[in-house]
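Okay, so here's the structure we're looking at.
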Amino acid sequence: MPREHDATFRVGVGYDSHQFARGRALILGGVSIPSDVGLDGHSDADAVCHAVTDAILGAAGLGDIGEMFPDTDPANKNSNSITMLEAAVRRLAAAGYVVNQVDVCVVAESPKLAPFREHIRASLGAALGIDSAGVSVKGKSNEGMGWIGRKEGLACIAVATVKGKR
Ligand SMILES: [Zn+2]
């Protein structure tokens with residue numbers, strides 16, 4: 001008999017990437033960041049929100065952002081990714097889970113995220129229903145290597161822990 005896993009405390013991982021494009025806004029974690037280039041995508045292309053959404057859905061075993069918000073659905077065009085994250089938080093609540101904590105790593109050559117870190121933590125925390133102490137945001141360069149190094153786009157990795165409501 002396999003041992004039943006402890007469903008009161010679960011971990012999820014999320015990954016997202018978007019291509020840079022001129023004439024688009026750069027929005028990360030719901031925060032508009034001044035930049036010559038923004039991110040291309042069906043929605044507002046907020047890679048931080050998308051990775052965090054996948055991490056919390058994954059932690060709760062509730063599928064992924066693509067299932068919840070298909071990019072074939074015109075309703076999701078240019079949609080606000082904070083709103084999508086909030087909807088995922090509500091789906092977790094309905095399944096008996098609350099978000100405990102998230103850790104986010106943005107991999108990009110530019111812009112530097114440090115000046116916006118606290119704002120992004122507060123924005124994500126508000127959407128997740130936790131204080132910003134439970135939200136970590138880190139920026140990393142890719143040391144000039146590969147598509148990120150050539151500034152073709154950026155990537156984001158997020159890890160989340162969720163607790164079962166008992
Ligand atoms: Zn995305």
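The values are calculated or read from the model by the stated rules, or taken from the named source; none is laboratory data. In this text the structure is predicted, and so the values were computed from the model without any measurement. Here the Cβ positions follow ideal geometry from the backbone for every residue, glycine too, while neighbour counts run over all protein chains shown. Just so you know, the surface numbers come from the protein's heavy atoms only, side chains and all, with ligands and any DNA or RNA stripped out. Shrake-Rupley method; radii C 1.70, N 1.55, O 1.52, S 1.80 Å.
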**OP:** Express the carbon and sulfur contribution to the solvent-accessible surface of segment 94-166 as a percent, rounded to the nearest whole number, probe 1.4 angstrom.
**Re:** 54 percent
**OP:** In Å³ and rounded to a whole number, note down the convex hull volume per residue for the Cα atoms of segment 12-102.
**Re:** 87 Å³
Subject >> Backbone N under 20 Å from the A133 label point (7 Å along Cα→Cβ), restricted to segment 72-98 >> reply: 98
Original post:
Between A95 and S141, what is the FRET efficiency for a Förster distance of 30 Å, r being their Cβ-Cβ separation, to the nearest 0.05?
Top reply: 0.20
Original post:
Across 10 Å bins from 0, what is the distribution of all Cα-Cα pair distances for the chain, in whole percents?
Top reply: 11, 41, 33, 12, 3, 0
Original post:
For helix 81-94, what angle does its Cα long axis make with the longest principal axis of the chain, in degrees from 0 to 90 and rounded to 10?
Top reply: 10 degrees
**OP:** Give the angle, between 0 and 90 degrees and rounded to the nearest 10, that separates the Cα long axis of helix 47-59 from the longest principal axis of the Cα atoms of the chain.
**Re:** 20 degrees
Subject >> Separation of alpha-carbon centers, segment 116-166 and segment 1-33, rounded to whole Å >> reply: 8 Å
Original post:
Relative contact order, percent, of the chain when contacts are C-alpha pairs under 8 Å separated by at least 6 residues?
Top reply: 32 percent
Original post:
By how many nm would the segment from N76 to V11 grow when fully extended, if each residue of separation counts as 0.36 nm and the alpha-carbon distance is taken off?
Top reply: 20.7 nm
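Write down the percent of antiparallel bridges among all DSSP beta bridges whose residues are both part of segment 1-143, to the nearest 5. Please list the in-between numbers first.
Values: 4 of 10 bridges.
For segment 1-143, the DSSP antiparallel bridge percentage is about 40.
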Original post:
For the charge dipole of segment 60-114, defined by +1 on Lys and Arg C-beta atoms and -1 on Asp and Glu C-beta atoms about the Cα centroid, which residue among S110, A95, G66 has the Cα displaced farthest towards the positive pole?
Top reply: A95
